[in-house]
1. First measure r as the distance between the Cβ atoms of His229 and Ser99, then evaluate 1/(1 + (r/R0)^6) with R0 = 41 Å and state the FRET efficiency to the nearest 0.05.
2. Is there a pair in Lys17/Lys39; Lys39/Lys107; Lys154/Lys183 whose C-alpha atoms are over 21 Å apart, and which pairs would that be?
3. Can you compute the charge dipole magnitude of the chain about its Cα centre, using +1 on each Lys and Arg Cβ and -1 on each Asp and Glu Cβ, nothing else charged? Give it in debye, rounded to the nearest 20.
4. Using alpha-carbon pairs under 8 Å, 6+ residues apart, how would you state the relative contact order of the range 6-230 in percent?
5. What spacing in nm lies between the two simple spin-label points modelled at Asn240 and Glu211, each 7 Å away from Cα in the Cβ direction?
6. In sequence order, what are the phi-derived ³J(HN,Hα) couplings for the range 110-115 according to the Karplus relation 6.51 cos²θ - 1.76 cosθ + 1.60 with θ = phi - 60°, rounded to whole Hz, with x for glycine and proline?
7. Once every DSSP H run of n ≥ 4 in the chain is given -39500 (n - 2.57) and the sum is divided by its residues, what mean residue ellipticity at 222 nm do you get, rounded to the nearest 500 deg cm²/dmol?
8. Set the Förster radius R0 to 41 Å, insert the Cβ-Cβ distance between Asp168 and Asn218 as r into 1/(1 + (r/R0)^6), and round the FRET efficiency to 0.05.
Amino acid sequence: MASGSFQFKTFTIHQQKVAFKVGTDSVILGAWAEMNNAKTLLDVGTGSGLLALIMASKFPELTITAVEIDAESAAEAEQNCRESPFHHRIQIVGDDFKSWAKSQSPKCFDAIISNPPYFNNDLKNPDQRKSAARHTSTLNFSELAVGVSHLLKKQGLFYVILPAEQFDFFSQCALGASLYLSKKLYIKNKPSGNVIRVAGCFAKSENEIIESSLSIRNDNHQYSEDYIHLTKDLYIKNLNQKKA
């Protein structure tokens, strides 16, 4: 996706300063997540503010708090939200989620969403900001799960997206924090490919797990009808339209 500014239907993401640019992970997670009449939402590790803005555009009743540890990313997220039609419903907090979560009252959010750091033992990016944004040294899975469990209301929902090979480990960390998997979305680049990402919805009570799948593209390398349908309220143009 674009490295400069990225225009969605109802808002623009400026991304000159953020450590990581607009990608399909956050777009899929935001498009897939349902809020079940939630009024308050927390976005953990908001980056450019993309997930917060997607959720604000989908759910007009939501008041959103978005936490980001990287100062430059937080400043750009603040700009993106300020210039959007949803600025009055989004607050950007420039802070470390671990310490910030401990300072908050328990069970204060109806829903929480995150596209979190996920690299564990991989070689770190020499760019310290990119490393912090994507490596669990700044926020490991157990710390994320514990913080979410502390802040999430009893009937609340937590949405997250991770690489397929990391999802089961995170689910175990979530279980240790009394968060139970209730929905699971398997994501492939194309129908014949391997699962590359898994999105999950966690609750504070055990439920039957509902599973579904999504292919971003079809075997002809065009965006799939399922992906187009899922994201139709976000993108401006027809995704399969050829550039002039």
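1. My answer for the efficiency is 0.50.
2. With Cα atoms farther than 21 Å apart: Lys17/Lys39.
3. It comes to approximately 360 debye.
4. Across the range 6-230, relative contact order equals 16 percent.
5. 2.8 nm
6. So the Karplus estimates, Gly and Pro as x, are 6, 8, 9, 9, 7, 10 Hz.
7. -8500 deg cm²/dmol
8. 0.90
Values quoted throughout were computed directly from the atomic coordinates according to the rules given, and no laboratory measurement underlies them. Just so we're clear, the structure is a prediction, and the values are computed from it rather than from any experiment. Cβ coordinates were reconstructed from backbone atoms using ideal geometry, including for glycine residues, and neighbour counts include every protein chain displayed.
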